[in-house]
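First up is the structure itself, then whatever we jot down about it.
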Amino acid sequence: MKIHQSILVLISIYLLGCEPKNSVDHNALMTSIETFNKAFSEGDLKVLDSMTTANYLHTNGSSKVIGKKGWFNYLEKRSKRLQSGEIEVLNYKLDETKIEYFGNSAIVTGKVSVKVKDSLGSKENKYRITNLWVYENETWKRAGFHDGKIK
């Protein structure tokens, strides 16, 4: 009887110490972020659409929260300006990146530096960002975005 209890205790300790198998590919998130940022800087709406959730929410320091449709309305105008040469992205860089995983989700924080050239010249801005990414259908998609301009 004591042997059975000892075995049950050992099995319980082992099972409590084991992490559940997780099919989420954590290593692929940084690659997805890089692909997303490249698509944004180039105005590639097809890639951006495939990498955002249907219920995507976008917030920045100068506007109210908008959904995916509202954000894509902005992106379409921006993409036309990029294609016409009216604006040119000279630099788009994410650094100081930190990722915290929560099951099939991740919060990504960092600093984005953007340098854009238009008819008035070039200007550079920096933003602190927080993104919510979710792992859907074996791929990472951005579900939420927030930024605040660094003065």
Residue among SER84, SER79 that alone is more than 19 Å from HIS146 (Cα to Cα), among the small types (Gly, Ala, Ser) and either in contact (Cβ under 8 Å) with a residue 24 or more places away in the chain or touching a Cys at 6+ places or on another chain (Cβ under 7 Å) (or both): SER79
Checked region 68-83 for anything exposed (fewer than 14 other Cβ atoms within 10 Å of the Cβ) and more than 19 Å from ASN37 (Cβ to Cβ); matches are LYS69, ASN73, LYS77, LYS80
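A quick yes/no check of all residues on (1) at pLDDT below 95; (2) buried (at least 17 other Cβ atoms within 10 Å of the Cβ):
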{"residue": "SER50", "(1), (2)": "no, no"}
{"residue": "ASN60", "(1), (2)": "yes, no"}
{"residue": "GLY85", "(1), (2)": "yes, no"}
{"residue": "ASN131", "(1), (2)": "no, yes"}
VAL89 is checked against (1) assigned to a helix (DSSP H, G or I); (2) surrounded by 14 or more Cβ atoms within 10 Å (Cβ to Cβ); (3) modelled with pLDDT under 95 and fails just one. What number does that condition carry? (1)
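Of the residues that make up region 93-112, is at least one over 15 Å from the mean Cα position of the chain (by Cα), in a strand (DSSP E or B) and either modelled with pLDDT under 95 or surrounded by fewer than 17 Cβ atoms within 10 Å (Cβ to Cβ) (or both)? Spell out the reasoning first.
Here is the first cut: in region 93-112, the ones over 15 Å from the mean Cα position of the chain (by Cα) are 103.
If we keep only those that are in a strand (DSSP E or B) as well, we get none.
For region 93-112, residues over 15 Å from the mean Cα position of the chain (by Cα), in a strand (DSSP E or B) and either modelled with pLDDT under 95 or surrounded by fewer than 17 Cβ atoms within 10 Å (Cβ to Cβ) (or both): absent.
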Out of all the residues in region 13-36, is one or more modelled with pLDDT of 95 or more, surrounded by 11 or more Cβ atoms within 10 Å (Cβ to Cβ), in contact with a helix residue (DSSP H, G or I) (Cβ under 8 Å, 6 or more places away or on another chain) and not hydroxyl-bearing (Ser, Thr, Tyr)? yes
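The values are calculated or read from the model by the stated rules, or taken from the named source; none is laboratory data. Everything numeric here is computed off the predicted structure, so don't read it as measured data. No Cβ is skipped: glycine too gets one built from the backbone with ideal geometry, and neighbour counts run over all protein chains shown.
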